Amino acid sequence: MVRTEANRNRWLIALSAIAIHLSIGSIYAYSVYQNPLRDELGWAISDVSLAFTVAIVFLALSAAFLGGFVENHGPRTSGLIAAGTFGLGIIGAGVSVQLESYAAFVLTFGVISGIGIGLGYITPISTLVQWFPDRRGMATGMAVMGFGAGALVTGPVANYVMETASIPVTFYGLGVAYFLLMAAGASYLKKPPVDWVPDGIDESELDTANNEKGVSVNTDLAELTGSEALRTPRFYLVWLVMFINISAGIMLLSVASPMTQVIAQVDAATAASVVGLIGIFNGGGRIFWATASDYIGRTSTYGVFFGLQIAAFLLMPQITHLWLFAGLLFLIISAYGGGFACLPAYLGDLFGTKELSAIHGYTLTAWGAAGVAGPMLISEIVERTGSYVMAFYIITGALVVGLTAVGVLYYRIEDVRESSPRADPQAT
């Protein structure tokens with residue numbers, strides 16, 4: 001087979017993906033706006049929080065329904081639309097604050113920017129997987145690490161600008177910056193040539209004959225379209241695994257500060273320092289676990305996630321030492337981030353890369369569901385019992401279900417591989 005010359009530098013493709021995800025990952029810094037919006041406009045914290053919830057819901061919906069658009073129109077077009085939508089939503093949020101219109105704020109920050117986040121999230125993933133068939137986990141981990149680290153950049157910047165200027169100016173400046181960074185990244189994105197093979201890899205490890213949209217790994221279990229993937233049991237097993245893993249992590253993220261104060265018996269300032277470190281483990285866990293999954297396998301990696309979290313959730317209610325408690329919290333958050341980072345590569349392993357953006361988008365509906373279920377579960381339990389303990393035990397039970405689902409996935413995958421690779425793919 002004759003090697004086709006690459007039309008892009010794949011490491012710059014990865015950097016472009018990071019630029020997009022770093023921008024949209026700023027959604028995780030939303031808490032910095034809550035008190036200023038309450039103090040300046042008199043909006044209740046619950047009302048301010050609703051805009052964040054709406055953004056997460058529209059993130060999941062747009063990821064689910066626009067995956068086919070990404071595949072049909074390409075990553076450059078999709079990325080530019082995501083840049084325009086997200087930037088417009090953030091700038092619109094500034095206008096809404098200036099007009100003191102809560103409804104407009106929910107529409108702009110919640111709906112419009114939420115759509116931009118969802119489209120921006122899935123846009124570079126399929127392209128990355130095809131540029132890095134030899135390092136799928138590491139490549140997607142780098143991009144998704146950018147999403148997890150977005151708050152580390154936006155948080156202090158937004159806080160500084162709000163203190164020195166105003167809330168509207170903060171949204172205006174950030175909206176323009178996000179648009180420029182995302183547009184620059186999107187402009188470089190492009191699928192690799194169909195018969196391109198990265199240097200240093202054995203062509204026998206790849207399969208270009210069955211994938212008209214780019215290079216893929218010949219050990220993928222199947223090469224399915226989005227609609228075909230939805231008809232397989234393994235899609236719903238992966239969805240369940242993601243829903244439980246995300247619910248566990250986002251439940252803790254929603255109450256990290258008050259929970260640390262109660263269980264570790266520390267003051268608010270100390271708990272805030274712990275919360276400040278969460279972003280490091282959220283982002284770092286994404287690249288660490290995704291890279292590790294290239295070596296130990298994606299199914300095994302998810303099994304490790306659930307095993308570690310089951311132990312951590314059982315131990316946390318019993319631990320009052322601050323940094324032992326924080327260490328378990330960081331471990332869970334690293335698995336939360338790692339679950340996102342490993343997902344695109346795992347979907348490529350199971351369903352191929354033909355319509356990976358669409359399949360990835362469908363799976364991310366688990367994020368939207370977990371974003372509602374996790375925080376609601378723990379808040380309801382704490383209100384009823386006055387304690388976090390019961391929530392830990394309930395989520396431990398859910399994690400056991402998740403570990404069981406990983407086991408079922410493992411055996412189904414092994415059965416089909418042993419019987420006939422890529423034979424009867426919808427049976428698994």
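The values are calculated or read from the model by the stated rules, or taken from the named source; none is laboratory data. Note that the coordinates shown come from a computational prediction; the quantities given were computed from them, not determined experimentally. Quick reminder, even Gly has a Cβ in these numbers, built from the backbone with ideal geometry, and neighbours come from all protein chains shown. Please note that ligands, DNA and RNA were not included when accessible areas were found on the heavy atoms of the full protein model with its side chains. Shrake-Rupley method; radii C 1.70, N 1.55, O 1.52, S 1.80 Å.
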Identify, among 304, 293, 276, the residue whose Cα sits farthest towards the positive end of the charge dipole of the chain, taking +1 on the Cβ of Lys and Arg and -1 on the Cβ of Asp and Glu, with the dipole about the Cα centre.
276
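Take each complete run of DSSP H in the chain, measure how far its Cα atoms stretch along the helix's own axis, and keep only those covering 15 Å or more with mean Kyte-Doolittle hydropathy at least 1.0; list them.
10-24, 45-65, 167-188, 233-263, 298-315, 322-351, 389-419
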What residue among 36, 257, 342 has its Cα farthest toward the positive end of the dipole of the chain, where the charges are +1 on Lys, Arg and -1 on Asp, Glu, each on the Cβ?
36
Students sometimes get this wrong: rank 296, 18, 378 by accessible area, probe 1.4 Å, all chains present, largest first.
296, 18, 378
Mind running the shape call on segment 1-137? Use the C-alpha gyration tensor, a ≥ b ≥ c as the square roots of the eigenvalues: rounded below 1.5 for a/c, prolate if a/b tops b/c, oblate otherwise.
prolate
When a/c reaches 1.5 or more, the comparison of a/b and b/c decides; with that in mind, is the chain rounded, prolate or oblate per its Cα gyration tensor?
oblate
Cut-off 11 Å, label point 7 angstrom out along Cα-to-Cβ of residue 277: give me the residues of segment 310-339 whose amide nitrogen falls inside.
322-331
Calculate the dipole size of the chain relative to its Cα centre from +1 charges on Lys and Arg beta carbons and -1 charges on Asp and Glu beta carbons; express the result in debye to the nearest 20.
160
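Restricting to Cα pairs below 8 Å that are 6+ residues apart, what does the relative contact order work out to for the chain? Please round to a whole percent. It would help to have the intermediate numbers written out before the result.
Details: 777 pairs, mean separation 105.9, N = 428.
It comes to 25 percent, rounded to a whole number.
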At a 1.4 Å probe radius, which order do 354, 190 fall into by accessible area, largest first?
190, 354
Name the residues of segment 141-171 whose amide N is less than 17 Å from a point 7 angstrom out from the Cα of residue 184 along the C-beta direction?
146-147, 150, 153-154
Sorting 120, 6, 313 by the position of each Cα along the dipole of the chain (Lys, Arg +1; Asp, Glu -1; all at Cβ), the one nearest the positive end of that ordering is 120
Mean-position separation - Cα centroids, segment 315-356 and segment 16-45, in angstrom:
23
